[in-house]
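Nothing in this text is a laboratory measurement; each read-out follows from the coordinates by a stated rule. These numbers were taken from a predicted model, which means no experiment stands behind them. As a convention, Cβ positions derive from the backbone with ideal geometry for all residues, glycine included, and neighbour counts pool all protein chains shown.
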Amino acid sequence: MHAKYWFRLSMIFIATICTSIFQPCLGKTIEIPESLSKKPEDITRYILAHTNGEEEFVETVYHWICENIRYSKVEIDSLTHLDLVHYVLAAKQGRCIHYSALLTCVCNMAGIEAYSVLGYVKQSNSIETTKDHAWNVIRLSNTYYLFDPTWDTESVELLYYKKQGDYFLETHMPYDPMMQLSNYPVRHPQYFRGKRIGRQYFDFESALKEYSTLNQEEQLKLMLYRAETYGINSFRLGFLYIRLKHFVEDYSDYQFTSVDKSNLPVVIVRH
C-alpha cells in the first residue's frame with residue numbers, strides 16, 4: 001500500500017481512537033531530566049535506577065506518563081516520520097493510543113509483560129460506538145491487571161490503576177475477549193444487554209502466554225479473529241468493526257514502535 005494512503009488511514013484511526021474523561025493523578029512521582037525524557041530506552045534506564053522492583057517501577061512510569069503527557073483534543077497529524085512512542089515523547093502530548101503504546105513500550109523494555117488493549121467504552125450509561133479507546137494489561141507478581149493512563153491523566157486519584165477485569169468491564173470493553181481478564185468473558189452483543197459474565201469457559205492466562213510469543217501483526221490478526229468470534233461484527237458495532245478490520249489488514253504498512261532494545265542490559269527480575 002502506498003505510504004501516503006496508509007498515513008491518512010492511520011490518522012483517521014488515531015484521530016478517533018480516544019474517548020476520555022479527566023479526573024485528576026497524584027502518587028509516586030519522579031523528575032526525569034529533559035535530556036533523558038525523549039527516548040523510551042533512556043526513560044527505562046532512569047526509572048530502573050531510581051526504583052526497586054516491578055511494582056514500584058510500573059507505579060513510577062504510570063505517574064510520570066500521567067503528569068508529563070498532555071492529552072490532545074485535536075487531531076494529531078505529525079506522525080509522518082515518527083512512530084507512536086517517539087511522537088508522544090517528542091511532542092509530550094497524544095491520544096489514548098499514544099499513552100497506551102508508551103506504557104507498554106517502557107514496561108516491555110524493563111522486562112515486564114505488558115500489552116496495549118483496543119476496545120470501546122461506556123460513559124454516562126451510554127456505550128460509545130463511533131470511537132475506539134486504548135488502555136493496558138500488565139502482569140505484576142504473576143497476576144494480570146488493567147490500567148488506563150489516559151483516563152487517569154490530571155486526576156486527584158487513580159481510578160484506573162492496577163484494576164481487576166470486572167472493575168474495568170463496567171466502563172471498558174476490549175475487542176479481544178482475552179483482555180477482559182475473565183475465564184467467562186462476555187460476548188459483545190450481550191455487553192449491550194448489560195451482561196458482564198459469559199457462559200463459555202476461556203483460559204485467558206494460557207491465551208496470554210501464547211499471545212506473548214507472537215509478533216504485533218500476528219497479535220492483531222488473532223485479536224480480530226477472537227473479536228469476530230465474540231460478536232464484534234454485530235450491527236451495533238458495525239462502524240467500529242469495519243475500521244478495526246481495515247486497520248488490522250493494513251497493519252503491515254505501519255509499526256507501533258521501532259525502539260532499539262539492544263542497549264538495555266538491565267532487566268527487572270520478576271518476583
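Per-structure values
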read-out: Shape box of the stretch 50-137 [Cα atoms, principal axes, largest first, Å]; value: 41, 34, 20
read-out: Distance in nm between pseudo-label sites at residue 31 and residue 142 (7 Å out along the Cβ direction from Cα); value: 4.0
read-out: Long-range amide H partners of residue 93 with built H, under 5 Å; value: 70
read-out: Karplus 3J(HN,Hα) series, Hz, for the stretch 92-108 with 6.51 cos²θ - 1.76 cosθ + 1.60 (x for Gly, Pro); value: 6, 7, x, 9, 4, 5, 6, 4, 5, 4, 5, 4, 4, 4, 5, 4, 4
read-out: Unsatisfied cross-links (Cα-Cα over 19 Å) in the set 39/131; 221/245; 39/92; value: 39/131
read-out: Over the stretch 167-223, volume per residue of the alpha carbon convex hull, in Å³; value: 82
read-out: Prolate/oblate/rounded label for the stretch 85-189 (Cα gyration tensor, a/c 1.5); value: oblate
